[in-house]
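Report on the following structure.
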Amino acid sequence: MSKAVPRGQRPIVRPRCLGEELMLDRPIVGLALWLSKPLGFLATCFTVALGLGAGAILNFNDHWALVFNLFLSIAAMLLAGVILVAGARDTAAIQIKLDELIRVIEQADDRLVGIEEKSGEELELIKKNRALSAPEGMSDLERVRN
């Protein structure tokens with residue numbers, strides 16, 4: 001049995017089980033944070049310089065070019081994935097905060113909570129309907145204040 005939640009408060013939703021995605025979340029976000037710092041950037045530059053140095057020693061032969069190209073391709077795909085995961089996490093956190101602000105402001109339209117889940121066409125329709133319902137030249141903020 002679950003406890004009743006007082007009005008204005010929401011229950012804390014916890015994951016049902018610790019799956020692989022939660023297990024990988026911390027290292028991926030940690031890697032993204034580390035790479036975004038100067039030390040991470042310098043480590044990336046050092047790794048590329050090391051590869052170029054190895055190329056100079058090997059006279060930039062075909063084998064080196066193949067290995068170096070493969071390494072750079074794999075690194076680029078991994079970094080793109082890390083950036084996407086970290087960005088999605090940040091976006092989700094921002095949406096949760098915005099939804100909470102919409103819930104606590106009395107004049108706000110509660111139908112906007114979770115609007116980020118709608119399709120592009122639905123968002124355009126909502127935007128047009130909101131523009132039509134506002135008096136001429138009045139922004140959404142001015143309409144809420146009045």
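The values are calculated or read from the model by the stated rules, or taken from the named source; none is laboratory data. Source: prediction; values computed, not measured. All Cβ positions, glycine included, derive from the backbone under ideal geometry; neighbour counts span all protein chains shown. The area values use the complete protein model at the heavy-atom level, side chains included, leaving out ligands, DNA and RNA. Shrake-Rupley method; radii C 1.70, N 1.55, O 1.52, S 1.80 Å.
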The stretch 105-123, residues that are open to solvent by less than 90 Å² (accessible area, probe 1.4 Å) and part of a helix (DSSP H, G or I)
LEU112, ILE115, GLU116, GLY120, GLU122, LEU123
Which pairs do you get when a residue that is within 17 Å of ALA86 (Cβ to Cβ), found in the stretch 35-51, comes within reach of a residue that is among the polar types (S, T, N, Q), reach meaning Cβ atoms under 8 angstrom, with the pair 6+ apart or on two chains?
LEU35/THR44
When you go through (1) hydrophobic (A, V, I, L, M, F, W, C); (2) touching a helix residue (DSSP H, G or I) at 6+ places or on another chain (Cβ under 9 Å); (3) farther than 26 Å from LEU24 by Cα; (4) surrounded by fewer than 13 Cβ atoms within 10 Å (Cβ to Cβ) one by one for ILE126, which number turns out not to apply?
(4)
Search result, residues across the stretch 89-104 that are closer than 29 Å to THR44 by Cα and open to solvent by less than 60 Å² (accessible area, probe 1.4 Å):
ALA92, ALA93
Which of the residues that make up the stretch 25-59 are at pLDDT below 90, in a helix (DSSP H, G or I) and open to solvent by 80 Å² or more (accessible area, probe 1.4 Å)?
ARG26, LEU33, TRP34
